[in-house]
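Asker: Quick one: the structure is below, and I'll ask about it shortly.
The values are calculated or read from the model by the stated rules, or taken from the named source; none is laboratory data. The model shown is predicted, which means the values in this text are computed figures rather than measured ones. Quick reminder, even Gly has a Cβ in these numbers, built from the backbone with ideal geometry, and neighbours come from all protein chains shown.
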Amino acid sequence: MKARTLLAFVIILALVVPMVVACKPEPTPTPTAAPPTAVPSTEEPATEAPTEAPTAEPTPEPCAPATEGPLAGVDPRGQTVVWWHQHTGGRQEWLDQVIPEFNATNECGITLVAEYQGGYNDIRDKMNAGIASGELPGLVVGYQNDQAFYALAGGLADINLYIDDPVWGLTPEEKADFYPAFLEQGVHPAFGGARLGFPPNRSVEVIFYNNTWGEELGFPNPPTTPEEFREIACAAAAANGDGTGGFILRDDASAVAAWTFAFGGNVLTEDGMGYVYNGQATIDAMTFLKQLYDDGCAYFYTEGYPNPEFAARRAIFTMGSSSGIPYYQSDMEAVGSTDTWSVIPVPHTTPEPVQNIYGGDVMIPATTPETQLAAWLVIKWFTSPQVQAEWCRVSGYFPTRASTTELLTDYLDENPQWAQAVALLPYGTYEPQLISYQSVRDAVTQAFNAIMQGADIQATLDALTEQANELQAELMP
Amino acid sequence: MAKQAPVSRRNRRLIRPWVVFSYVILSAGTIVAILPFLFMISTSLMTLGEATGHTLLPRVPQWNNYVEAWKNANFSEFFVNSVILAVITVVGQVVFCTLAAYAFACIEFPAKNLLFTLLLATLMLPESVVWVPNFITVTWLGRIGPIPWVNNWPALTVPFMASAFSIFLLRQFFSQIPQDLWDAARIDGAGHIRYLFQVVLPLSRAALMTLVIFAFVGSWNALAWPMLVTNSPEWRPISAGLMSFLDEAGAHVHLQMAGSVITILPILLVYFITQKQFTEGIAFTGLKG
């Protein structure tokens, strides 16, 4: 009996202790996607605005459902939109401030709940699990290849439905205000032209250049062509004389794409359905970089981000995302450098610069028509110039609409490198948004390193193109 | 002189080349093991500029990094969460794994070996493979149960209350207990439950402590699963706090390291408390890290 009593005690303890210990306040039920059994909103227009004539114009009642068009009868009012994002620190703090304002003032009574869910990889895991279980948010961030994965599983809404809607969509003027490449990037030819993502912000692949050092070496202006770039890099390398000084090579796929764009090519086929890494522009770009490396005018730095090398005058050029600008500023200050430095376009053989722009999109998961429409209205609000201007100040990201810069004149004056990068946005183009691009990126890095170690450029790029297209075919038969 | 001779012989034995070689190897291993910790502590006291540069030691120790890390990452809330989750997980593992291990070690039942083999086979599954099925399970259980599981403590603890590794560890230990003790207990009228609680468990403190420390460390360090099953910070563990020092442009390495030092302190504490039993447990069960 004693043993049984003891066993009972242990079992009770095992069950009760966790519950007692876990007597924290009940977590606020996280509003996720509205259940499919929600009151059918399609009936509401008939009761709320029965006398109105069918029209594509917004109804006088704030945020009332449209009476015609593809979204007729879909009522976004009172919806809760959960937004899974990756923003931390100051960005998250700003969101925590501005979202309550939106919730209090938006005429549709939409409640936006922004939830930090870790980095892009964590969010990808959550989305995959969410699609399998039906627990999806109203909005989620992710890269373009993520969009393809989710769409393949039937987990995303086509934003074209919303962007083109006569009542809830964007006007032609508003569409024209977006930088074209930004808006095009979310359109997936592999999914019949569906718009699976919308840009809330962007970064751009740039060259960081030490102007003061360049002037000391006899180059009054930053380079615009590959030849000028080579001349300056080699002069800086000769000045240091220890293998450093020139350009720090970047083996990332975004850098390879950026060089290809600058040499007048593309890594995406014309129909947007496959890869072409063996085009003449990529071959020329790789040949240029290999020669630079062989001549001792470029080197690899593998111990982390290159900004400390740049600040310490161990590289006159580095390459990377414009989101690194604050880190360059910090490093220049840390070493007490008084050098003037700038952000310049990738040296190009094209008449105008062609810049690689990138960044995560927001997507609308497939939930209910009401939640999806409410999510679109949140996107519209977030990409409005006023909100974008504030977001750019906080995040350091670039705005997606040209008119936003008019609201940022003071910020542009205070941040010259940021302003230089903003000036490059009209020249933007983008990397493949294909489903396999995450895997292909690794293959590109390997190919780049193989070329720099002496592999035949043409053969390596041919093999890379074949491998990339095989990966694409494997994931998207 | 006659008394000193044995000492001299012992000394000669101590300085044999292989002993020196062993010490050199062990010292090198110690250095390799301890360097990351020293690097972490050193970086935690640096400025961001020093942390991202080539500096080995901070010019001026930035003790404020610890305060900043604690505040910025909301560690106070995450810390409490981690303690609660670790306690629930450890208690659950001790209860369920003990019972399962005892059954596998001391009770004969049909297909015992097959079941044990299947259990061991689950150790071969990569953790990420079971995420989606487990997520679907906890979502479903939350829908049919009285409390939500996702974004709540059950999803963070229940899936880890039955660990194949812990069952294996205890089963190995229980199997070594002499059969004579069971025979004697039977003569005294004991059944399995009394034998388990009055004989087996008192003899298995070392193995149980090993289980406790593994379960505690596993729960404390968990990140991917907690991020998957929580949507808000209310139940996220301390490891989630460390993520707040990462953004797309890079990491605030100095704060991340300060946060890491804070994070590992409880693990070190648990290890120091259970060190003796833990070492014995590892030795008895023949397990190595």
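Asker: Taking residue B:133, is it within 14 Å of chain A (Cβ to nearest Cβ), modelled with pLDDT of 90 or more and within 26 Å of residue B:170 (Cβ to Cβ)?
Answerer: Judged against the criteria, residue B:133 is a match.
Asker: Shifting gears a bit: Within the range A:338-348, track down each residue that is out of contact with any Lys or Arg (no Cβ under 8 Å at 6 or more places or on another chain) and either under 13 Å from residue A:209 (Cβ atoms) or crowded, with 17+ Cβ neighbours inside 10 Å (or both).
Answerer: A:340, A:341, A:342, A:343, A:344, A:345, A:346, A:347, A:348
Asker: I'm trying to understand the selection: among the residues of the range B:123-143, which are more than 16 Å from residue B:156 (Cβ to Cβ) and aromatic (Phe, Trp, Tyr)?
Answerer: Listed by number, the list holds a single entry, B:140.
Asker: Next up: Applying the selection to the range A:427-477, what residues are β-branched (Val, Ile, Thr) and not in a helix (DSSP H, G or I)?
Answerer: Matches in the range A:427-477: A:429, A:435.
Asker: Can you tell me which of B:51, B:100 is more than 19 Å from the chain's Cα centre (by Cα), more than 30 Å from residue B:231 (Cα to Cα) and modelled with pLDDT of 95 or more? Steps first, answer last, please.
Answerer: Numbers: B:51 fails: modelled with pLDDT of 95 or more.
Matching residue, one of B:51, B:100: B:100.
Here's the yes/no breakdown for (1) within 11 Å of chain B (Cβ to nearest Cβ); (2) closer than 17 Å to residue B:236 by Cα; (3) modelled with pLDDT of 95 or more; (4) in contact with a Phe, Trp or Tyr (Cβ under 9 Å, 6 or more places away or on another chain):
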position	(1), (2), (3), (4)
A:107	no, no, no, no
A:112	no, no, yes, yes
A:119	yes, yes, no, no
A:124	yes, no, no, yes
A:128	yes, no, no, yes
A:138	no, no, yes, yes
A:144	no, no, no, yes
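Asker: State which residue pairs qualify: first residue more than 12 Å from residue B:102 (Cβ to Cβ) and inside the range B:171-198, second residue modelled with pLDDT of 90 or more and assigned to a helix (DSSP H, G or I) in any location, beta carbons under 6 Å apart, and separation of 6 or more residues or different chains.
Answerer: Sorted first by the residue in the range B:171-198, then by its partner, the pairs are B:181/B:199; B:185/B:195; B:185/B:199.
Asker: Here is a follow-up. Looking at B:190, B:207, B:185 in this structure, which one is closer than 26 Å to residue B:126 by Cα and small (Gly, Ala, Ser)?
Answerer: Result of the check over B:190, B:207, B:185: B:207.
Asker: Let me ask something else about it. Quick test of your reading of the structure: residue B:155 fulfils all but one of (1) under 30 Å from residue B:266 (Cβ atoms); (2) assigned to a loop (DSSP other than H, G, I, E, B). Name the failing condition by number.
Answerer: Checking residue B:155 against (1) under 30 Å from residue B:266 (Cβ atoms); (2) assigned to a loop (DSSP other than H, G, I, E, B), the one that fails is (2).
Asker: May I pose another question? Is there any pair with a first residue in the range B:139-155 that is on the phi > 0 side of the Ramachandran plot and a second that is of a type outside the set (Val, Ile, Thr) and surrounded by fewer than 21 Cβ atoms within 10 Å (Cβ to Cβ) whose Cβ atoms are under 9 Å apart and which are 6 or more apart or on different chains, and what are they?
Answerer: Cβ pairs passing all conditions: B:151/A:27; B:151/A:29; B:151/B:142; B:151/B:232; B:151/B:234.
Asker: Shifting gears a bit: Looking at B:240, B:258, B:251, B:215, which is the one that is more than 16 Å from the chain's Cα centre (by Cα) and more than 13 Å from every other protein chain (Cβ to nearest Cβ)? Steps first, please.
Answerer: Values: B:240 fails: more than 13 Å from every other protein chain (Cβ to nearest Cβ); B:251 fails: more than 13 Å from every other protein chain (Cβ to nearest Cβ); B:215 fails: more than 16 Å from the chain's Cα centre (by Cα).
Just one listed residue meets the conditions, B:258.
Asker: So residue A:104 fits all but one of (1) closer than 20 Å to residue A:359 by Cβ; (2) assigned to a helix (DSSP H, G or I); (3) not basic (Lys, Arg); what number is the exception?
Answerer: The failed condition is (1).
Asker: Right, next: Just to verify a result, which residue in the range B:183-200, among those that are in a helix (DSSP H, G or I) and within 10 Å of chain A (Cβ to nearest Cβ), is nearest to residue B:168 (Cα to Cα)? Before the answer, list the steps.
Answerer: Narrowing the range B:183-200 to residues in a helix (DSSP H, G or I): B:183-187, B:192-200.
Restricting the remaining residues to those that are within 10 Å of chain A (Cβ to nearest Cβ) gives B:192-198.
Working: B:192: 19, B:193: 20, B:194: 22, B:195: 20, B:196: 17, B:197: 19, B:198: 21 Å.
Once the filter is applied, the top-ranked residue is B:196.
Asker: Could I ask something else about it? Are there any pairs, at least 6 apart or on different chains, whose C-beta atoms fall under 6 Å, with the first in the range A:97-124 and acidic (Asp, Glu) and the second surrounded by fewer than 15 Cβ atoms within 10 Å (Cβ to Cβ), and if so, which?
Answerer: A:107/A:62
Asker: Now, a different point. Just checking, which of A:237, A:253 is in contact (Cβ under 8 Å) with a residue 60 or more places away in the chain, touching a helix residue (DSSP H, G or I) at 6+ places or on another chain (Cβ under 8 Å) and assigned by TED's automatic domain parsing to the domain that holds residue A:447?
Answerer: Within the list A:237, A:253, the selection yields A:253.
Asker: Output yes when any residue across the range A:334-350 is part of a helix (DSSP H, G or I) and either acidic (Asp, Glu) or farther than 21 Å from residue A:232 by Cβ (or both), and no when none is.
Answerer: Taking every residue of the range A:334-350 in turn, at least one turns out to be part of a helix (DSSP H, G or I) and either acidic (Asp, Glu) or farther than 21 Å from residue A:232 by Cβ (or both).
Asker: Residues to consider are B:94, B:90, B:150, B:83; find the one that is within 19 Å of residue B:223 (Cα to Cα), surrounded by fewer than 21 Cβ atoms within 10 Å (Cβ to Cβ) and out of contact with any strand residue (DSSP E or B) (no Cβ under 7 Å at 6 or more places or on another chain).
Answerer: One residue alone meets the criteria, B:83.
Asker: Can residue A:305 be described as surrounded by 17 or more Cβ atoms within 10 Å (Cβ to Cβ), within 14 Å of chain B (Cβ to nearest Cβ), touching a helix residue (DSSP H, G or I) at 6+ places or on another chain (Cβ under 7 Å) and more than 20 Å from residue A:398 (Cα to Cα)?
Answerer: Yes; evaluated as a whole, the condition is true for this residue.
Asker: Can you tell me which residue is modelled with the lowest pLDDT among those in the range B:224-243 that are within 12 Å of residue B:78 (Cβ to Cβ) and among the β-branched types (Val, Ile, Thr)?
Answerer: B:238
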